[in-house]
Amino acid sequence: MKLENGHKLQDNLKVFVELFEELAIIGDAMEEEEERVIILLSSLPDRFSTLVTALEAHEKIPAWEVVTERLLNEKRRQRGGPGTSDSSEKLLVAFCTKEINLVYCPSNDMLADMFTKGLSAEKFSRLRRKLGVVFFEKHIHCEKEC
């Protein structure tokens, strides 16, 4: 699985993370982080050869997080972009380093919809119950009930 010219580095990193997770699910996990890093580095095109050489020169193979961050910085440098990463790259680094976990949420279960959209009474009630908000009927206090 090689990163071809014209393909996005972020997409390649995401594919690797998903592949490693799928291997773990079927019981063939690459538990050694070094193996993951070596496979990632070997998948890079020649334009990353200077960075790969620098990373390989370390006595110990760098951590996955370090490698992904350096790759994104190198890509940005090659593009001539600013030194700070944009939000999509920050999200990708957070995803690759497992700082965040992305979970699919079907559009019918989007709780924020009840605050941002006009909904049918049925859908509003269903989302309200998911939030744990309970509806109480109005009760007028009478002295004779005390």
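Taking the condition surrounded by 10 or more Cβ atoms within 10 Å (Cβ to Cβ) and modelled with pLDDT under 85, does Asp86 pass? Here the answer is yes, as Asp86 does meet what is asked. Could you go through the stretch 110-126 and let me know if any residue there is within 25 Å of Asp11 (Cβ to Cβ), in a helix (DSSP H, G or I), open to solvent by less than 100 Å² (accessible area, probe 1.4 Å) and modelled with pLDDT of 75 or more. The answer is no, given that none of the residues of the stretch 110-126 is within 25 Å of Asp11 (Cβ to Cβ), in a helix (DSSP H, G or I), open to solvent by less than 100 Å² (accessible area, probe 1.4 Å) and modelled with pLDDT of 75 or more. Of everything listed in (1) within 24 Å of the chain's Cα centre (by Cα); (2) farther than 21 Å from Glu21 by Cα; (3) free of Cβ contacts under 8 Å to residues at least 60 places away in the same chain, the single unmet condition for Thr116 is (1).
The values are calculated or read from the model by the stated rules, or taken from the named source; none is laboratory data. Note that the coordinates shown come from a computational prediction; the quantities given were computed from them, not determined experimentally. Note that each Cβ is placed from the backbone with ideal geometry, even for glycine, and that neighbours are counted across all protein chains shown. These area figures cover heavy atoms from the full protein model, side chains too; ligands, DNA and RNA do not enter into them. Shrake-Rupley method; radii C 1.70, N 1.55, O 1.52, S 1.80 Å.
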